[in-house]
Amino acid sequence: MLKNWSLRVIALVGAVVAAGSQAQAQSDAVADFYRGKTLTVLVGVGAGGEYDFQMRLVQRHIGKYIPGNPSTVGQNMVGATGLLMANHLYNVAPKDGTVIGLIQNGLPSFQAMGVEGINFDARKFNWIGSLSPTVETMAVRKGSGVMTVEDARKKDLIAGSNGRAGITYTFPALMNDLLGTRFKIVTGYASVNEINIAMERGEADGRNNSWTSWRTAKPDWIANKQINVLVRVGPLPHDMDPSVPQFEDLVPKLEDKQLLRLVTSGSRLGHPFATAPGVPAERVAALREAFAKMVRDPDYLRELAAVRLEANPQTGEQLQAIVDEVMATPDPVKQKGRKLIQ
C-alpha cells in the first residue's frame with residue numbers, strides 16, 4: 001500500500017511540474033510575441049471626456065505588466081458614439097492581441113435590443129477588465145429652476161446628447177417614458193464637453209453623466225451647487241446629496257424595472273476594455289493578468305486619486321457575466337427598449 005501511495009505522490013508531483021513547465025512555456029511565448037511590438041488602445045469618442053481619460057490612463061500603465069513589455073499608443077476612433085470603434089475592433093482589427101478597446105458601455109444593451117448598425121456579438125469579445133462600475137446621473141443646471149423629478153414633470157427641458165447610440169440619449173428618454181419627465185433630447189453634440197459648454201450658455205438645461213465624470217470634469221459645479229442631480233443609477237457616492245433618489249425606487253412595475261436594468265446596464269460594466277474574438281487564449285489571459293496587476297500599481301492609483309476617481313476594478317470574467325445577463329433579458333423587455341430608443 002505504501003508503494004502505491006508513493007507512486008501516486010510521484011505522479012502528482014510530475015503533473016504539477018509538467019503544468020508549471022507548460023505555463024512557463026506559454027508565458028515565454030507571450031513575451032516573445034509582444035517584445036518589440038506596440039499595443040494600440042482604442043476609444044470611440046473624442047479627446048477630453050471620461051472615456052478618453054480612462055483609455056489613456058490604461059494605455060500609460062498596462063504595458064509594463066504585459067510579458068515582453070510592448071510599447072503602447074492611444075488612439076481616438078470617433079464615430080456613432082463608440083459604435084464605429086467597436087465594429088472595427090470586432091471585424092477589422094488584428095486578432096492577435098495587439099489592439100484593445102474601451103467599449104462604450106451601453107452597446108451590449110443596444111445589441112440585445114436589436115439596434116441597427118451593430119456588427120458584433122458582445123458575448124464574443126474577450127473582455128479584459130473595467131476600472132470601476134459607474135453611478136449614472138441626470139443633472140440639470142441651477143438656472144433651469146428644476147430641483148426634483150416632480151419639477152421635471154411640469155416643465156419642458158432641453159437635454160444635450162452626443163448621439164442616439166449612447167447613454168446621454170437613452171437615460172433622459174427612459175426618464176420620459178418611466179417617470180413622465182419632459183426632456184426634449186437634442187443630439188449632435190460632437191463631445192460631452194460641448195454639452196457642458198451648452199449648459200454654461202443656457203442652451204441646454206441638463207445631461208446624463210456619470211458621477212465620476214462630474215467630479216473630474218466639473219468639480220466646481222458640484223462644490224458651488226451649479227447642478228441639481230435629479231436621479232441616479234447605482235450606489236450612493238459618499239459625496240452626493242443623500243436625498244438624490246435611486247431611479248429604480250421610483251419605478252413600481254417589475255417589467256419597467258427590467259427595462260431600466262437593461263437600458264442602464266452599462267453602469268455595471270463601467271468603462272470596459274476588450275479585445276477581439278479570435279485572439280489566442282494565452283494572450284487574452286496575459287492581458288487580463290496585466291490589467292489586474294495594473295489596477296494595483298501605486299503610480300496608477302495616485303493618478304486615480306488625483307482626479308477623484310475610485311478604485312473598484314472588475315475582471316474580464318465579471319464583465320462577461322454581466323454581458324451574458326444583458327443578453328438573457330426577456331424578449332418583450334428588449335422590444336420595449338428598442339421602441340424607446342428609436
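Just need log10 I(q)/I(0) for the chain at q = 0.15 Å⁻¹, Debye formula, equal scatterers on the alpha-carbon atoms, no solvent, rounded to two decimals. These q points yield log10 I(q)/I(0) values of -1.24.
Taking amide hydrogens as placed 1.01 Å from N in the peptide plane, the amide H of GLY74 sits under 5 Å from those of VAL41, each at least 5 positions away in sequence or on another chain.
Taking square-rooted eigenvalues a ≥ b ≥ c of the alpha carbon gyration tensor, is segment 69-208 rounded, prolate or oblate, where a/c under 1.5 means rounded and, failing that, a/b exceeding b/c means prolate? Because a/c hits 1.5 or more and a/b exceeds b/c, segment 69-208 counts as prolate. Coupling constants for segment 127-138 follow from the phi torsions by the Karplus curve (6.51 cos²θ - 1.76 cosθ + 1.60, θ = phi - 60°), and in residue order they are 6, 9, x, 9, 5, 4, x, 10, 10, 7, 9, 10 Hz; glycine and proline get x.
Backbone geometry of segment 266-274 corresponds, through the Karplus equation with coefficients 6.51, -1.76 and 1.60 at θ = phi - 60°, to 3J(HN,Hα) couplings of x, 5, 6, 6, x, 10, x, 9, 8 Hz, x marking Gly and Pro. When the chain is described by a simple charge dipole with +1 on each Lys and Arg Cβ and -1 on each Asp and Glu Cβ, the residue from PRO94, VAL333, LEU254 located farthest towards its positive end is PRO94. Shape class of segment 59-107 from the alpha-carbon gyration tensor: prolate, with a/c at 1.5 or above and a/b greater than b/c.
Only Lys, Arg, Asp and Glu count, each charged at its Cβ (+1, +1, -1, -1), so figure out the dipole size of the chain about its Cα centre, rounded to 20 debye.
On the way: 38 positive and 33 negative charges, 32 e Å.
With Lys and Arg at +1 and Asp and Glu at -1, about 160 debye.
With respect to the cross-link table entries LYS257/LYS339; LYS124/LYS257; LYS154/LYS225, which display a Cα-Cα separation exceeding 20 Å? If you can, show how the numbers build up before the last one.
On the way: LYS257/LYS339 16 Å; LYS124/LYS257 27 Å; LYS154/LYS225 22 Å.
Result: LYS124/LYS257; LYS154/LYS225 exceed 20 Å.
Once you wrap a convex hull around the alpha carbon atoms of segment 136-263, what is its projected area averaged over all directions, in nm²? Average projection, Cα convex hull of segment 136-263: 7.2 nm².
When +1 charges are put on Lys and Arg Cβ atoms and -1 charges on Asp and Glu Cβ atoms, the dipole computed for segment 136-263 relative to its Cα centre reaches about 160 debye. Looking at the chain, the DSSP beta bridges with both ends there are about 55 percent antiparallel. The distance separating the Cα centre of segment 85-102 from that of segment 35-69 comes to 13 Å.
Between the listed residues LEU39, MET55, ALA285, the Cα displaced farthest toward the positive end of the dipole of the chain, a dipole computed from Cβ unit charges relative to the Cα centre, is found at ALA285. For segment 256-318, the set of chymotrypsin sites (Phe, Trp or Tyr not before Pro) satisfying both a DSSP loop assignment and a count of at most 14 other C-beta atoms within 10 Å is empty.
Could you name the lysines whose alpha carbon sits less than 17 Å from that of LYS37, not counting residues in the same chain fewer than 8 places away? Qualifying lysines at Cα under 17 Å: LYS64, LYS95. Couplings 3J(HN,Hα) of segment 75-90, computed from phi: 9, 8, 10, 7, x, 6, 6, x, 5, 4, 5, 4, 4, 5, 4, 6 Hz, in residue order, whole Hz [Karplus 6.51 cos²θ - 1.76 cosθ + 1.60, θ = phi - 60°; x for Gly and Pro].
Please list, by residue number, every one of the trypsin sites (Lys or Arg not before Pro) in segment 296-342 that is coil in DSSP and has at most 14 other beta-carbon atoms within 10 Å.
Details: sites: ARG296, ARG302, ARG308, LYS334, LYS336, ARG338, LYS339; in loops: ARG296, ARG308.
Of the trypsin sites (Lys or Arg not before Pro), the ones in loops of segment 296-342 whose Cβ has at most 14 other Cβ atoms within 10 Å are ARG296, ARG308.
Largest GNM mean-square fluctuation among ASN126, ASN209, ASN69, using the chain with Cα springs under 10 Å: ASN69.
Based on DSSP H segments of at least four residues, each scored -39500 (n - 2.57), the chain has a per-residue ellipticity at 222 nm of -14000 deg cm²/dmol.
Each Cα pair under 8 Å and six or more residues apart adds its sequence gap; the mean of these over the residue count of the chain is a relative contact order of 25 percent.
Loop-located trypsin sites (Lys or Arg not before Pro) across segment 209-271 with a Cβ neighbour count of 11 or fewer within 10 Å are LYS225, LYS253, with loop assigned by DSSP. Beta-bridge orientation, segment 136-263: approximately 65 percent antiparallel, per DSSP, counting only bridges with both partners inside.
Laboratory data are not the source of any read-out in this text; all were calculated from the coordinates shown. Just so it is clear, the model here is predicted, and its values are computed rather than measured. Cβ sites come from the backbone with ideal geometry, for glycine too, and all protein chains shown count toward neighbours.
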